[in-house]
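Report on the structure given below.
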Amino acid sequence: MCGTGCIPSAVSKPAREWLRCGSVSFCGKPVGSVNSCLVVLVAAEKFVARFGNLSLFKLSAVASIVVIGIAYVIAEAGMSLHYIIPLALFLVYLQGITVTDMISPAIAARLTFVGGGLTQGLMMFFISLGFGLGSVISGIAVDGYGWAALPFAILGLTIAAYVCVVIVGMKHKAAVKREQIKSA
């Protein structure tokens, strides 16, 4: 019997039988991810406390370069370990996402006037909005003009995002300048 301890006794017998094989997925993966997350966070905290603030970022960058280098050697050498390459790239992706998720709240707390929590929530909202709109616009471009139009849709969306960043940056710069003039 695999993992029957995760299935609550309040669940009916047919449902328990149905869940018995899937209980490892239902219970094991979340518990494993929480445990590994805690281990990684505790190790990261100790590493940063010992070696300084930028040390974790530098270690992650070096580890990513090493993983990409190993994946490149495997690909170039024609080894029969080709199944490792997607896993290696996925590990580098997860590592980058983790570092980004760790530093985003700190950056948000320093740069905002409304607090880090609200800023982080707004960032998540606009990121999801960007994913949604980008997917819709790219889908319309591909359906209407074919796959050759996709790079142009991406270019247009990137230019639009850059223009928004420049506008917000100019407004922020002007606000900081007004604040400096007011305090002087």
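The values are calculated or read from the model by the stated rules, or taken from the named source; none is laboratory data. Owing to the predicted nature of the structure, the values given are computational and were not obtained by experimental measurement. Cβ atoms come from the backbone with ideal geometry, glycine included; neighbour counts cover every protein chain shown. Note: accessible area is taken over every heavy atom of the protein model, side chains too, but ligands, DNA and RNA are not part of it. Shrake-Rupley method; radii C 1.70, N 1.55, O 1.52, S 1.80 Å.
How big is the C-alpha Rg of the range 120-184 next to the rule-of-thumb value 2.2 N^0.38 Å, as a ratio? List each step's numbers first, then the result.
Numbers: Rg = 17.2 Å, N = 65, 2.2 N^0.38 = 10.7 Å.
Relative to the 2.2 N^0.38 Å estimate, the range 120-184 comes out at 1.60.
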#### Entry: Of all accessible heavy-atom area on the range 48-184, the percent that carbon and sulfur account for (1.4 Å)
75
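Averaged per residue, what accessible area in Å² does the range 92-184 show with a 1.4 Å probe, protein chains only? Display every interim value, and only then the final one.
Values: 7360 Å² over 93 residues.
Here the residues of the range 92-184 average 79 Å² of exposed surface.
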### Summary
Among the range 152-184, those whose backbone N falls under 14 Å of a label point 7 Å along Cα→Cβ from Leu129 are 161, 164-165, 168
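May I ask you to give the average projected area over all directions of the convex hull of the Cα atoms of the range 63-184, in nm² rounded to one decimal? Display every interim value, and only then the final one.
Details: hull surface 45.7 nm².
Seen from a random direction, the Cα hull of the range 63-184 projects 11.4 nm² on average.
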#### Entry: Cα→Cβ-extended label distance, 7 Å offset, between Val66 and Ile97, nm
2.3
### Residues Asp143 and Glu179, FRET efficiency given R0 of 41 Å [Cβ-Cβ distance, rounded to 0.05]
0.30
